[in-house]
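Visitor: Below is a structure I'd like to ask you about.
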Amino acid sequence: WDNADFSRGVGTTFYQEFSTLNTAKPPFVRDVEAKVRRYLRSSYSAAWTLKITWEKAPVYAAWTDTRKTITYQAVLTTDGFRSYILMLYQDGGMQWDYTRLTSTNVLIGYT
């Protein structure tokens, strides 16, 4: 793991909430449902979905280098009983230089 550092005014974070219980589902939510169905081979109909985007996020500490940034997303979704998260990274995966970290056992994901 590593931390994003927005203290130098580089990058941004934004989110979009989709409450789809008893409403028409936008294409983004239908795509999330399709991914859950495909990868988990189960029926799934989202009642709520949250998309969080970290855009051009510099690695901590931003004062060392704000040129290396990464854009990634976390998509949380639930049908009210089961919940899932999709971790989406720009092409090429996480681009931060993990060799400069104090710990070398690097993970991409969540706990």
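Please treat every number below as a calculation from the coordinates, not as lab data. Only a predicted model underlies this, so the values are computations on that prediction, with no experimental measurement involved. Every residue, glycine as well, gets a Cβ built from its backbone with ideal geometry; the counts of neighbours run over all protein chains shown.
Visitor: Please compute the modelled spin-label separation between A34 and L88, points set 7 Å along Cα→Cβ, answer in nm with one decimal.
Guide: 1.2 nm
Visitor: Could you run the Karplus curve 6.51 cos²θ - 1.76 cosθ + 1.60 with θ = phi - 60° over segment 41-55 and give me ³J(HN,Hα) per residue in whole Hz, x for Gly and Pro?
Guide: My calculation for segment 41-55 gives 6, 9, 6, 7, 9, 5, 9, 7, 9, 10, 10, 10, 10, 9, 9 Hz in order.
Visitor: Using a 7 Å offset from the Cα along the Cα-to-Cβ direction at both T53 and T13, what is the distance between the two label points in nm, to one decimal?
Guide: Taking the two extended label points, one gets 1.6 nm.
Visitor: Principal axes first, then extents: for the Cα atoms of segment 10-98, list largest minus smallest coordinate on each axis, whole Å, largest first.
Guide: Its Cα atoms span 48, 24, 21 Å along the three principal axes.
Visitor: Using a Cα-Cα cut-off of under 23 Å, which lysines could be cross-linked to K25, ignoring same-chain neighbours fewer than 8 residues away?
Guide: K35, K51
Visitor: Right, another one. Once you place label points 7 Å from the Cα toward the Cβ at K25 and Y60, how far apart are they in nm?
Guide: 3.6 nm
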